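Notes follow the structure.
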Amino acid sequence: MQLTVPLEIEIREEAKRLFANMRHLDYSMSECMLFAPITLKINRLKKQKNAVILAHNYQRPEILFGVADFTGDSFGLSVEAKRTNADLILFCGVVFMAETAKILNPSKKVLISSLEAGCSLSESITAADVRKLKALHPNVPVVTYVNTSAEVKAESDVCCTSANALKVIEAMPGNEVIFLPDIFMAQNLRKQTNKQIHSWNGKCIVHEIFTKEQIMSYKKQYPDMKVLAHLECRPEVIEVSDLAGGTSDMYNFIKKSTAKRFMLVTECGMSDLLRARFPEKQFINPCAVCPYMKKINLENILGSLEKEKFEISVPEPIREKAQSALDKMIAIGK
Ligand code: 13P
Ligand code: SF4
């Protein structure tokens, strides 16, 4: 005879599981007790529906440690979305990431729990803008950052993420590329390649706020720290940083480094994740919150799984072209 575990015991066990990681972020056991009933429900529903939850590194700690099956950067999550055997993918990130999952694995049902989870870079450019740029620079390959809509990807030769932008640019034929849509990333990449880069004027509203002065004042206070900046930051910020890259580059840098103190010049979720993964290291956080990433929460994740909303769809002709650009990105690798 199988005995059922009383709900209070299950909730306490779940809270203990959350607390094991979240205590490093100063969450108390009683706070974890508040998250536990809902993470339990989500994890049960996930099993019932054969669903997988993919969560970007910038998501809230209770999502990363409570319900995510995979956490990672845009590149890693794309690969995971492409190879999953689950019937349903619930994407905890922003809409362009969920769209990317659908493009790469069209037979799966892909959900996002808030359609308000946009991205300032993605909203900065349309497919018509790309067509105009291509007319201005005929036969020049178009390298598009994944932080774009499916329609923009469909107009591109290849996609890239912050983890492989330089590698993708270098893999293109000829001496020129059109790189879209992040102007700061284009400026940062110009310093690393001999190719001529034609850019667009998109910006990430989170990373554009960091300044060189801010970094320098922290450096004075903590001269031994390593500064890890996202490639979406301004060039003057990158100049005073020890690493310029994506969120997975930051993780790998810290894993290999013997340094004790790091400053992360990126979204706050990343420092939460790294503080939990590397409790022995010290993190200095001038972090900024991405209002789009934070549209996702446990309550709307539960609602999304229960009602199977909001479903992502991409018209087939656009999806096919966008898939070709994304598949090339994955083949080039990190
Ligand atoms: P990563 O690909 O480095 O995780 O970054 C995604 C993003 O949206 C950065 O703002
Ligand atoms: Fe877009 Fe910037 Fe938010 Fe990343 S952090 S999702 S680039 S707005």
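A few points about this structure:
- Taking the range 268-291 as the range and being within 18 Å of ILE112 (Cβ to Cβ) and open to solvent by less than 50 Å² (accessible area, probe 1.4 Å) as the test, the residues that pass are GLY269, CYS290.
- Odd one out for LYS203 among (1) in contact with a strand residue (DSSP E or B) (Cβ under 6 Å, 6 or more places away or on another chain); (2) within 16 Å of ligand 1 (Cβ to nearest atom): (1)
- Selection of the range 171-197 for residues being assigned to a strand (DSSP E or B) and open to solvent by less than 30 Å² (accessible area, probe 1.4 Å) yields VAL177, ILE178, PHE179, LEU180, ASP182, ILE197.
- Some residue of the range 64-73 being in contact (Cβ under 8 Å) with a residue 24 or more places away in the chain, touching a Lys or Arg at 6+ places or on another chain (Cβ under 9 Å) and farther than 25 Å from GLY245 by Cα: yes
- For the range 11-32, a residue qualifies if it is open to solvent by 60 Å² or more (accessible area, probe 1.4 Å) and either assigned to a helix (DSSP H, G or I) or among the hydrophobic types (A, V, I, L, M, F, W, C) (or both), and the qualifying residues are ARG12, GLU13, LYS16, ARG17, PHE19, ARG23, SER30, GLU31.
- Single residue of SER162, SER217, SER149, SER156 found to be among the hydroxyl-bearing types (Ser, Thr, Tyr) and open to solvent by 60 Å² or more (accessible area, probe 1.4 Å): SER217
- From the options GLU116, GLU99, residue that is within 30 Å of ALA276 (Cα to Cα), modelled with pLDDT of 95 or more and either in contact with a Lys or Arg (Cβ under 6 Å, 6 or more places away or on another chain) or surrounded by fewer than 24 Cβ atoms within 10 Å (Cβ to Cβ) (or both): GLU116
Here is a yes/no grid of residues against (1) within 16 Å of ligand 2 (Cβ to nearest atom); (2) in contact (Cβ under 8 Å) with a residue 60 or more places away in the chain; (3) in contact with a strand residue (DSSP E or B) (Cβ under 6 Å, 6 or more places away or on another chain); (4) not aliphatic (A, V, I, L, M):
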position	(1), (2), (3), (4)
ASN139	no, no, no, yes
THR148	yes, no, no, yes
ALA171	no, yes, no, no
ALA186	yes, no, yes, no
LYS195	no, no, yes, yes
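The values are calculated or read from the model by the stated rules, or taken from the named source; none is laboratory data. Predicted, not measured: the structure shown is a model, and the values here were computed from it. All Cβ positions, glycine included, derive from the backbone under ideal geometry; neighbour counts span all protein chains shown. We work out accessible area using only protein heavy atoms, side chains counted, and drop any ligands, DNA or RNA first. Shrake-Rupley method; radii C 1.70, N 1.55, O 1.52, S 1.80 Å.
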